[in-house]
Structure formats: structure tokens, C-alpha cells
Amino acid sequence: MNETENIETTATNRDLSNAPDMIVCENVSKWYGDFQALDEVSATIKEQEVVVVLGPSGSGKSTWIRCINRLEHHQEGRIEVDGIELTNDLRNIEKVRSEVGMVFQQFNLFPHLKVLDNVTLAPIWVRKKPKVEAEEQAAALLERVGIPEQADKYPGQLSGGQQQRVAIARALAMEPRIMLFDEPTSALDPEMIKEVLDVMKELALSGMTMMVVTHEVGFAKEVADRIIFMDDGQIVETGTPEAFFTNPTEDRTKLFLSQIL
Amino acid sequence: MTISGVEGTVSIKPPPETPKLPPREWLKENLFSSPFNGFLTIVSTATLLMIGRGLLSFIFNPERQWGSTSTNLRLMMTQAYPEEQYMRVWVCVGIIFTLVGLSMAIWNTGSRITLRRLGSFLLSTGVVIDVLTLLAPFSSQAKMIWLIIGSAVIATGGALLRTDEKNQDVSTLTLMVATLTAAILALWVVPFGHHSFVFDRTPRSLAETGTVALTTKLPWTIMLLIGVLAYFSGKTLTTRFPSKNLRPTIIGIWFLAPPTLLYLILRDPDFDMGHVLNTDLPIFLIFAVIGGILLTWFTRPTTGEIGRVGAALILLAGFGMFFTPMRMIIRILMLLLAIFALAAPTFAGDTKTRRRYAVAWVGLSGIVTWLVTAVNTPSTIEVPGDFFIGGVSLTLMVAIFTIVISFPIGILLALARTSKMPIFRILSTWFIEFVRGIPLITILIFFSIMVPMFLPRGMELSEVSAIIIGYSLFSAAYLAENVRGGLQSVTRGQHEAAEAVGMTTSQKTFFIVLPQALRVSIPPLVGHCIGVFKETSLLAIIGLFDVLYIARNVIPNQTEFLGSTRENLLFVSLIYFFFAYQMSKASQRLEQRVGLGER
């Protein structure tokens, strides 16, 4: 990819205070049985902002991010995405889901469809796009994530990194305004992590609103506008990458950083 | 050595060749590696030889009345189908052969087999022939002939094994056609004898010497030619048209074939043209036009909730028509239109997609109209008894209709049982558990005797149709459980990924979940189909003339062949085995084919 020199100039230090709100969470709580997974989580994410959510495993990061496109249902509080409140109303959920792209840890590509069909299926049937147009767009997206030559293969024939890039292209094909990443590199071999992170950096620089759950500290430092640290279902600390990594205020944050750095 | 793989053509180092053991050492390693192993080998060989000898002396015992089988072949195939109309049966067989030939070409069936493997296959076949000949209670002359045949096969195999071009291969299709040609040539050359029934005042059978009757060998020769011709025309078709158009067309024709062959060709319906032109055609045209316009409107992406309400209204109207006197065809078309309207939002899209949807409606409603008309038209084939055809034809007919009808019902039941909506879930669970708790024979008896009595006045249902309906419901319950297993194997991640790109539940089911679930359930589903085919033999118990009933009750009661049950049962079991084995082979090929995109 030729964006390498761009990537060095990070997206941080942007002034987003006047940008409109994209995701608003107010006192969101969720229980699995008796176990409280989310405890009054409140946060606002602005348009074009890149937020990285850090935290030990079991801290509720994935649950939170999955609540935002209602793969999980929150039980208390409210979540508003691009001005639409998430309730049980099916129409709202469909509207939100077509605004929000999601990338999973396990890729979750459709194994019975070729790569190209993986990308075009939703635009054709959900967005009602003409087939030719959808295929042109898919080809362009596969080019953008750097695997145009794999369009006619099945997902099972690709490496993990390539599969995750197809998954990103599939999400982008719906032309979402927000992208959610749920540990996108955790299931990858080390040598494939970079190719996925490069795609994500390029995406962040293009102005996409992004929420990323990850353990990649390098990515967080380089690309994030803001870091949210979670533990025990609560937001413990929020801050710019510089402040968060060099000067954490909370003890739990310090403990976590000492373990991963 | 080069291999063309994922990354194009690359040169690779060939693996070291496994040294081929000389026969003596191969025997030692595989059959006599230890004293106990050697003992087992000897005992099992002796047992096999004894079984073979017993079977052969049963078959070739002079007391066996094999004439009962060969004289009654037509009875076993089609029961009392009138001889002067037999052309119709051959037309059906011809159409099936055409379709088989076309499909084989379009799906590119057949593989290549190396001369070496062919050689060793022939070698072992020849050895088996010789051994069996030695065991069989033949006359010395027959023994000589068979020994010579066996040795000739061995010699051919040996020659093939010894050629320099061992790795050259031939197509299995060529071999198949060669074998079939040889078999049909044998009909013209070998004096199998000519057995026939003469229906005089006292029916008697005739056994003449010479080759088989012209009415047997000529049609089969033509059938083979038709099959080969169809294959080559299929090959030309594949060069002209893309396979993504050809394959769905052929699949559609395959689905249309059973009712067409049955109602249009075999039954020779006596269409009342005046009625068709005055009533059926206008009804179809009205439905086609109005339905087409409605559906083009329903499939607009912007229609939204009004479309759903409209579809529900059509469904209500369709149900309402069952309570008012109305032509059956109107009721059925109304329900079909409701189904199309309900599915419309799933298939909404650009103009091309919407036009295709409307065309699908016109086509399907046309087929349904024609089918209902054909079913309601009386047959002109005069046969004694209840149903116009029996024997293998009846067995196959019931099996095919049951399988085809129970598939969609079974899938719907499985989806309902796994659905989140409690009413559907409870209803389908109860249905499945209820049907699975009842023996098949009970259901068959119930549908053959009771159901025709409960029908509303003016509605008639032949015994065979009633049985097919009952059997389909039974089969659907089992099929639903197989499909449910497949549905559960689709991971949660797949559901989430489909939901995350904004698909509705029906889109998710149709495009993501079902294709994966059905692929996983191919082995149990094919097992189920084989079961359905074999269990049609229960029809014999309720007195339908299926092939088993004919073999067990009809033929052994003919004056010439009294008590010839065992011969005919053996023959019938061969027929069942032939079809069941073909299904099993087809499923293996299908598994290999769809295994391509496996995770």
C-alpha cells in the first residue's frame, strides 16, 4: 500500500469538539443472568472520531460494542445511533444496522459464497442496488483492502488476514457511517496482523467514525483520538492516547498498563 | 511434475513412489501377517466360498422357475398398463434418458480412470467369474464357456496392467457407454429366449427360443442412442450458453418432469377444449395479469408496510374462498399469489429483479393452472382395477412425489421449530412429535381408507393421491428433524454477520442459514430418501399393486408359476438395491461437489 507515509501523520490531535454526535450511550446496563456485564456505561462518540476500547478480558468491551448494533440487548439506559434510538422496534434496528458496519473477531464470512458474493449480497438485497453496480463497488472495495485478485475464491481458500480484509470490505459495501471492530486481530497469526491494521488505519484517515475493541497498543497510540478503558463493566478512564499511556490517573489503569506494556 | 493449484501453475518435487510389493509379499503382509491373521483369512474365505456356492446352487437349481420372472417383466414394471398404449411408457423413458444425458453433459459428470486401475479391476472381476463358475452347478459345457469368458477378462486386465502407457486414462463415461452398448448388443445376439403371456380365454405363457422380443430390444437400443445423443447436444449447449443459465433451466425441467410424464403422457387426459378455452385459460390470464401488476408494485423497495398488509389481505381472501363455493383453481391461485406477495419484500430490488419476480409468478401460476386442469381431466387409459399403473412405475412414482413434496414441507417445519415465534414453534413441534410417534403403516391405512370418506362432497381423491399426501406428511416430519440438525450446525457468528449487514430474518434464512444447513444435512437427507424409496414396499400391505405385491402375491398365483415366490423376491430385491445404490452414489458425488467452499 502506498499510504504508508500518510499513516505516520496520525489522526490524533484533531479538533472534533464541534462535530455532531454519532453514538450516544447513557447509563447503559446489561446483565447475563445475575452477572452484570455492563454497569451504567455512558459515552458520546463524535462523527469521524476513532475510539479504541481497552480493558482486560471479561470487562464488557465486546458486550458494549455489540449493544451498539443490537446484537445484544441492553436492559437499562439508552443508546442512540445517528439520532435513532435503539428499542425493540424492528424498523429502527434495521435502519441502524445498515448505518453501522461490524467486523468480528472470527471474521464470520459466509463460507458457501465466493468472496465477491460475500461483499455484494447485502448491497443487492438490503440496499436494493443493481447487481452490476454492486459488483463494481465490490471490486473497488477489494482493491482498497488490497486483495482484488481473490474475488472468485471461497473464504476457506484465503489466509486469516485476507479473510478479515474481506470482512472489512463486506461491511464497507453497505456504505456505513460508523464501523465497529470487535477484536479484529485477535484470531490472526502475528504476521497477518499488520495487513489488517493497515487497512484500518487507512479507513480511520479517510474520516470514518470507528469504535475499535483491540489489544493492539501500537494501533491505539497511533490512530485513536480517544481511549476508553473498561473494567468490570464500567468505564474506568477516558483520555487521549498520550495522556492515557504516559499519565494514567486510576490505579486499575496503571495496573493494566503495567501488565501489557 | 506440474500441478495447477490455488496460486497458478508451479513445479513441485514429486513424492517418493511407494514401492509396489510382489504378490507373494503383498499376501503375506495383508492376509497372513500373524498365525491368527492367517487363520481368520482362511476361515472367512471358506465361509465366503460356501455362501457363494449356496447362492449359486439356489439360482441355478433346475427347480427354479425363472420363467416366472422373465415372463412377467412387463407386469412387474407397469402392471396392467395396456399393451397397445405402451408407446407412452417408452416416450416417458425416452424423455428421462434425454434429461439424464443433458444433465450429465451440463454438470460435467464422469471422471477419468487410469488404465492401470481399469486393468486391476478387470483382473479381479475375471478371477471372481472363474471362481464362481467353478462353484456353480453348471453343465460341463456351460462351465467351459464361462471359464473361457472369465479367462478372457483376466487376460484383458493383465494386458492393460502390462502396457507401457499405464498412466494413460480413459473417461468413465466412455466405459459406461461401452458396457451398455455391449449389454444391448447381447439382447440382439445372445439367445436369451423369448417369454411372453398370451391372454386367451385361459392365459398361458409362451417360451420361445431365440433372442428377446423385438418390442424389448428395439426400444432399449433407441433409448441408448437417445441418451448418447442428448449427452452430445448437452455438450454443444454448454459451449453456447453460460452454465448459470443452463443449470437452473434443466433443474426446472427435472421438477416439471414427474407431473408432466404422469398426467400428460402416461394418463393421456381427454382435455375438454371448450372448457379449457372458456374457463381455465381466462382464469389463468386474469390472475397472471393482475398478479403480475400487483407483484411488480409489491417488490418496489419503497412499498414498505402497505405491501405486507396487502399480502395479508390476499392470504385472508384465499382462505375465505375455501368456505365459499368456488373453483379449486381460483382458490389455489389465490393462495399462491398470497405466498408470492408475502415473499415480495425479500426479493425487492431494481427493475430487472422485479420483472424476473413477476415472470416467475406468471410461469408458476401457468404451471399450476395446467396441472390442476390435467388432474381434473379424466384419463382415457382403460385398465382393470383402481389405478392405471403399478409395479416398479408405481413404486418410483410414489417415492418421487413423496420426496419432492415432503422436502419443502420438511424445511418449513424445521424452520418453524427453530423459530422465535412461539405459535409456529409449538405447532410444528407437536406435529413432528405426533407424526413420529405413529407407525407409517397406520398413516398409510388411515389415508387410504379414512381420508376419502371425510372429504367434502364433490371433492374426490384417488387412493394413490391420498396415500402420497399421507406419506409426504410422515416423511416431512422426519426430514424436518434432519434439517433441524443442519440448522443448529450454522454458527451463531453466521447469524450475527447476516444481521450486522442489515438482512431481514427471511433474507438471512434464505441466503445464509439454509444453504449451509442443507449442505451439512446431505448425508442424513439422502439416507432418508433411500428409506422413503424402500418403505414404499408397505404399499403392498394395503393392497396397492406395487412391485413387491406383484412379486409376492400376483405372480406366485399364476397357474404356470404356482409358488414361485422366492425367485421373484430375489429379483425384486435386486431392483430395490439398484435404485438405492444409485441414490447413495449420487449423494457421494454431491458431497464431493459441494465440499468445495468448505471452511
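The values are calculated or read from the model by the stated rules, or taken from the named source; none is laboratory data. All values reported here derive from a predicted model rather than from experimental measurement. We place every Cβ from the backbone using ideal geometry, glycine too, and count neighbours over all the protein chains shown. With ligands, DNA and RNA removed, areas are computed over all heavy atoms of the protein, side chains included. Shrake-Rupley method; radii C 1.70, N 1.55, O 1.52, S 1.80 Å.
Odds and ends about this structure:
- Taking the listed residues A:K201, A:K194, the one that is of a type in the set (K, R), away from chain B (no Cβ under 12 Å), in contact (Cβ under 8 Å) with a residue 40 or more places away in the chain and out of contact with any strand residue (DSSP E or B) (no Cβ under 6 Å at 6 or more places or on another chain) is A:K201, with no other qualifying.
- Considering B:L21, B:L40, B:L31, the condition of being open to solvent by less than 100 Å² (accessible area, probe 1.4 Å), more than 14 Å from chain A (Cβ to nearest Cβ) and at pLDDT below 80 is satisfied by B:L21 alone.
- Test: residue in region B:451-462 that is touching a residue at least 24 places away in the same chain (Cβ under 8 Å), touching a helix residue (DSSP H, G or I) at 6+ places or on another chain (Cβ under 6 Å) and surrounded by 13 or more Cβ atoms within 10 Å (Cβ to Cβ): no
- Scanning region B:265-283 for residues that are under 21 Å from B:L336 (Cβ atoms) and open to solvent by less than 40 Å² (accessible area, probe 1.4 Å) yields B:V276, B:T279, B:D280, B:I283.
- Residues in region B:488-507 that are open to solvent by 20 Å² or more (accessible area, probe 1.4 Å), assigned to a helix (DSSP H, G or I) and more than 7 Å from chain A (Cβ to nearest Cβ): B:Q488, B:S489, B:R492, B:H495, B:T505, B:S506.
- Some residue of region B:188-209 being open to solvent by 50 Å² or more (accessible area, probe 1.4 Å) and in a helix (DSSP H, G or I): yes
- Test: residue in region A:29-52 that is among the aromatic types (F, W, Y) and open to solvent by less than 60 Å² (accessible area, probe 1.4 Å): no
- Among the conditions (1) part of a helix (DSSP H, G or I); (2) of a type outside the set (K, R); (3) in contact (Cβ under 8 Å) with a residue 60 or more places away in the chain; (4) over 29 Å from B:T69 (Cα atoms), the only one that B:T98 does not satisfy is (4).
- Residue in region A:160-183 that is surrounded by the fewest Cβ atoms within 10 Å (Cβ to Cβ), counting only those that are of a type in the set (G, A, S) and more than 11 Å from every other protein chain (Cβ to nearest Cβ): A:G160
- B:R300 being under 23 Å from A:K128 (Cα atoms) and touching a Leu at 6+ places or on another chain (Cβ under 9 Å): no
- Helices (runs of 4 or more DSSP H) wholly inside region A:166-261 containing at least 2 residues that are within 18 Å of the chain's Cα centre (by Cα) and farther than 30 Å from A:A138 by Cβ: A:217-223
- Residue in region B:214-233 that is within 21 Å of B:L364 (Cβ to Cβ) and hydrophobic (A, V, I, L, M, F, W, C) present: no
- Look at region A:247-261: where a residue is open to solvent by 100 Å² or more (accessible area, probe 1.4 Å), no partner that is modelled with pLDDT under 90 and acidic (D, E) sits 6+ places away or on another chain with Cβ atoms under 7 Å.
- Here B:Q65 clears all of (1) at pLDDT 90 or above; (2) surrounded by 13 or more Cβ atoms within 10 Å (Cβ to Cβ); (3) within 30 Å of B:F571 (Cβ to Cβ) except the condition numbered (1).
- Matching residues in region B:213-262 - criterion: being of a type outside the set (A, V, I, L, M, F, W, C), open to solvent by 80 Å² or more (accessible area, probe 1.4 Å) and in contact with a helix residue (DSSP H, G or I) (Cβ under 8 Å, 6 or more places away or on another chain): B:T215
- Out of B:I432, B:I449, B:I438, one residue alone is under 30 Å from B:L544 (Cα atoms) and in a loop (DSSP other than H, G, I, E, B). It is B:I438.
- If you check B:T353, B:T369 for being touching a residue at least 40 places away in the same chain (Cβ under 8 Å) and open to solvent by less than 30 Å² (accessible area, probe 1.4 Å), only one passes: B:T369.
- B:G150 being open to solvent by less than 50 Å² (accessible area, probe 1.4 Å), modelled with pLDDT of 90 or more, in a helix (DSSP H, G or I) and under 30 Å from B:R247 (Cβ atoms): no
- Meets criteria (out of contact with any His (no Cβ under 8 Å at 6 or more places or on another chain) and either of a type in the set (D, E, K, R) or more than 30 Å from B:L218 (Cα to Cα) (or both)) for B:L56: yes
- Boolean, B:A414 is out of contact with any Lys or Arg (no Cβ under 8 Å at 6 or more places or on another chain) and open to solvent by less than 40 Å² (accessible area, probe 1.4 Å): no
- Checked against the criterion of being crowded, with 18+ Cβ neighbours inside 10 Å, of a type in the set (D, E, K, R) and within 20 Å of the chain's Cα centre (by Cα), region B:575-590 contains not a single residue that satisfies it.
- The listed residue being modelled with pLDDT of 85 or more, in contact with a strand residue (DSSP E or B) (Cβ under 7 Å, 6 or more places away or on another chain) and in a helix (DSSP H, G or I), out of B:M76, B:M144: B:M76
- Look at (1) open to solvent by less than 10 Å² (accessible area, probe 1.4 Å); (2) more than 14 Å from chain A (Cβ to nearest Cβ); (3) of a type in the set (S, T, N, Q) and you find that B:S419 fails only one, number (1).
- Residue list for region A:140-152, restricted to those being open to solvent by less than 50 Å² (accessible area, probe 1.4 Å) and outside any loop (DSSP other than H, G, I, E, B): A:L141, A:L142, A:Q150
- Some residue of region B:520-534 being touching a helix residue (DSSP H, G or I) at 6+ places or on another chain (Cβ under 6 Å), within 14 Å of chain A (Cβ to nearest Cβ) and not hydroxyl-bearing (S, T, Y): yes
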